[in-house]
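Worksheet: one structure, shown below.
Every read-out reported here was derived from the displayed coordinates using simple, explicitly stated rules and does not represent laboratory data. Just so it is clear, the model here is predicted, and its values are computed rather than measured. Neighbour counts are summed over all protein chains in view; Cβ atoms, including those assigned to glycine, are modelled from backbone coordinates with ideal geometry.
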């Protein structure tokens, strides 16, 4: 009797628990999905100290890693700063400015990516050790940073191992200005073309981004797939049977909520001004609260400009309550009566939270330009209220409409919205790709 061996996946993600980086949930969910599908999974990620000092940590997030996954933490030195001055070199002590300049140049030697490029050498060393101990059958790198693609390229050249490029973000596309970053003849563009040409698959979070890459790099576009961000099935289960917390507007005000990272060119000012205006026009909204939960910017310390803007509206019942652990996200959503989806204007921007928003069943106020990829995700969902344009008056209108609906929602309304969102689950997004790659790994092994 022949026993089929478990294929071995090397998964490369600079940001992995306990990191709070924006892509950590997709990375965690993908690694877990492969482990549950019968793969042995090894994860290469950055050292804990990087997250503790630079991006902040969610220690509870580590409890969600499948216990079968082996996590290898690869040393990473970030140019943003070593907090322990005793570790500084003599050159850096003598001239931190000169050291920073030389370090920036050195980062680009091994891989054409500022800040992260120097990590390529350490990644290759770790990849070789992992492959010697247990031969790798497939490599998936998730970006950004794009240096995460290096182990796949390295093992493909060295041992013919297939690799997948998972674009959580884009490398050479400015998603807000719809322009290419840099020249097609740049070293980084040549490297991206080379990587895509040899990749078994390339994954993109939505069709507009996939199509842009197909136009720019058409050579292997038949291997480009959309693997959208999604909600985890365990998350959706926690909202089954959700009951309304409001029975008519006379009982109390509503709690409007935003959960996620506040960054980029989001219409936050228009939203807050629209909220202030809505409070003047509606007794229900005037009795309500607007609560922001999540990170302000990408680093450990909150972005002072965003924090100051939120505090400016404190008298209008606007509150910032800080980051939320992934393990507490469902609990946080249950504290809200309606959700605010605030995004920058871009046909390429979907946002990961839009899938969780959809799965809760709660009414959603879409406070973003209609030409945003999230619009395509939510089109057809009940109790979704989008703006026709980005303006204070439109934000006010949407908030008033959402408030009226939130005050009359029933458990049946929630259930209907949750059922509609079923096609946005993580299992639906990954199932076909895992099946295909499992067959590919078996063919290569044979």
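Above 33 Å lies some portion of the pair distances; for the chain, what is it as a whole percent of all C-alpha pairs?
Considering the chain, 39 percent of its Cα-Cα pairs are separated by more than 33 Å.
For segment 149-284, compute the orientation-averaged projected area of the C-alpha convex hull (one quarter of its surface), in nm².
Approximately 12.9 nm², given one-decimal rounding.
Starting from the 7 Å offset along Cα-to-Cβ, what nm value, one decimal, do you get for the label separation of residue 327 and residue 307?
2.6
For segment 233-424, what is the Kirkwood hydrodynamic radius in Å, using each pair of distinct C-alpha atoms?
Computed over Cα pairs of segment 233-424, the Kirkwood hydrodynamic radius comes out at 16.5 Å.
Just to be sure I understand the model, the point goes 7 Å from the Cα along the line to the Cβ. What's the resulting residue 77 to residue 59 distance in nm?
Computed distance between label sites residue 77 and residue 59 equals 2.8 nm.
Please determine, in degrees from 0 to 90 and to the nearest 10, the orientation of helix 207-216 with respect to the longest principal axis defined by the Cα atoms of the chain, where the helix direction is its Cα long axis.
Around 40 degrees separate the two axes.
Can you tell me the relative contact order of the chain? Whole percent, Cα pairs under 8 Å, sequence separation 6 or more.
14 percent.
Report the Cα centroid-to-centroid distance between segment 348-393 and segment 279-326 in angstrom, as an integer.
The two parts, judged by their Cα centres, are 19 Å apart.
Compute the acute angle (0 to 90°) between the alpha-carbon long axis of helix 96-110 and the principal axis of greatest extent of the alpha-carbon atoms of the chain; round to the nearest 10°.
That helix lies at roughly 70 degrees to the long axis.
How big is D, in µm² s⁻¹, for segment 178-246 by Stokes-Einstein at 25 °C and 0.890 mPa s if Rh is the Kirkwood radius over C-alpha pairs?
For these conditions, the coefficient is 166 µm²/s.
At 7 Å along the Cα-to-beta-carbon direction for both residue 211 and residue 427, put a label point, then send me their distance in nm to one decimal.
Placing both labels 7 Å beyond Cα along the Cβ direction yields 3.1 nm.
Need one number for segment 291-348: average projected area of the convex hull over its C-alpha atoms, nm².
Taking a quarter of the hull surface, the average projection is 5.3 nm².
Give me the Kirkwood hydrodynamic radius of segment 364-446, using the inverse of the mean 1/r over all pairs of distinct Cα atoms, in Å to one decimal.
15.6
I need the calculated FRET efficiency for the pair residue 401 and residue 436, taking r as the beta carbon distance and R₀ as 35 Å, to the nearest 0.05.
Approximately 0.25, to the nearest 0.05.
Can you give the helix-only mean residue ellipticity at 222 nm for the chain, where every DSSP H stretch with n ≥ 4 adds -39500 (n - 2.57) and the sum goes over all residues, rounded to the nearest 500 deg cm²/dmol?
So the calculated ellipticity at 222 nm is -11500 deg cm²/dmol.
With both bridge residues required to lie in the chain, what share of the DSSP beta bridges run antiparallel, to the nearest 5%?
Once the DSSP bridges in the chain are tallied, antiparallel ones form about 5 percent.
Calculate the FRET efficiency for residue 193 and residue 334 from the Cβ-Cβ distance with a Förster distance of 60 Å, rounded to the nearest 0.05.
After rounding to 0.05, the efficiency reads 0.80.
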